[in-house]
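In what follows, a structure is listed as structure tokens, so that the remarks can point back to it.
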Amino acid sequence: MCRVKLSRMLRVAVPWCQRRWALPVLSVPTLTPATSAKLGKRHRTTIQAAQLLIALVRRWVPQREIVLVGDGGFASAHLGHTCRRLRVCFVSRLLLTAQLYDPVPPQPKGKPGVKPNKGPRQRKLTHRLKDAATVWLCQEIPWYAGQQLTMDVLTGKALWHRDGEAPLPVGWVLLHDPSGKRSPFALFCTDPTVAMLQIITWYVFRWNIEVTFEEARAHLGLCTQRHWSTPAIARTTPCLLGMFSLVVLMAHALHPDHLPTRQTAWYCKAEPTFVDALAAVRRHLEVACYAA
């Protein structure tokens, strides 16, 4: 089975909408181990495929500052090491049971034995949540759809260690909803110098990716095509995601300042959406065909 779930998107500003849009730039299929064996190909995990995409984008733009945001499925120390090596700032979810350690303390000169790669172990985030003595910082944080939420926040720096991998320097943020409506969760950033609110803001930007996937499914037929072969799926889905970006770029060229927005009697849209960009491009192509 072929699953195209790995897509590198660029968050861009469009002149007709306050919300920034996530435009697919590079998409690759991810195969199950059984499909890889059937096709005679070496199996690559989602993390390995993500490493290849990051290296490719860095080669295209060697000097540009890159911030990569992924969901919990990309919370890998191995991927974090790749991002640090390629000078990419990586933000993702962190397990509440993650093994966090202090930096290596100064070692006496001439001390024999193997040099340690991590210091004393820090308390787990789950323990900090349950401890009544934990001192929380009450903070207004930016949230989806322009909301501002009041959350209890805790932050720190650590070395994230996973068995078989070198410790990864991270800055972590633990968020707890005092109202109890949302489950507590933690974020990490491979640049420990990044401020707490910036890490949260970057992660919230990830929601634009979900909007892109939903609009591509609703208006371009993503994930609804019927194919009998794995190569057909591997070709069609990246093309549909690429079409999403192409339509937005064409709509921007046709309407650089104001995009006509379709309205209905029962719903008034404050800002254009992808369906309006698609309608504008279709209208232009139809007029051009009739004129020819």
Dividing the Cα radius of gyration by the Kirkwood radius, what Rg/Rh value follows for the chain? 1.03
Using just the C-alpha positions of the range 1-148 as equal point scatterers, what log10 of I(q)/I(0) does the Debye formula give at each q in 0.13, 0.14, 0.20 1/Å? -0.92, -1.01, -1.29
At Asp71 and Lys109, where each label point lies 7 Å from the Cα along Cα→Cβ, what is the point-to-point distance in nanometres? 5.4
Separation between the Lys181 and Thr264 pseudo-spin-labels, each 7 Å from Cα along Cα→Cβ, expressed in nm? 2.6
How much net charge surrounds Ala166 when only other residues with a Cβ under 13 Å from its Cβ are counted (Lys, Arg +1; Asp, Glu -1)? +3
Counting only C-alpha contacts under 8 Å and six or more residues apart, can you give the relative contact order of the chain as a whole percent? 18
Applying the span-like rule to the chain (DSSP H, Cα extent along axis at least 24 Å, Kyte-Doolittle mean at least 0.0) gives 230-254, 274-291
Enumerate by residue number the chymotrypsin sites (Phe, Trp or Tyr not before Pro) in the range 131-228 meeting two conditions: DSSP loop (anything except H, G, I, E, B), and at most 11 other Cβ atoms within 10 Å of the site's Cβ. Trp228
Cross-link candidates for Lys124: which lysines have Cα within less than 23 Å, leaving aside residues fewer than 8 places away along the same chain? Lys157, Lys181
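Read the figures in this text as sums done on the coordinates, not as results from a lab. As the structure is a prediction and not an experimental result, all values here were calculated from the model. For neighbour counting, all protein chains shown are included, and Cβ atoms are generated from backbone atoms with ideal geometry for every residue, glycine included.
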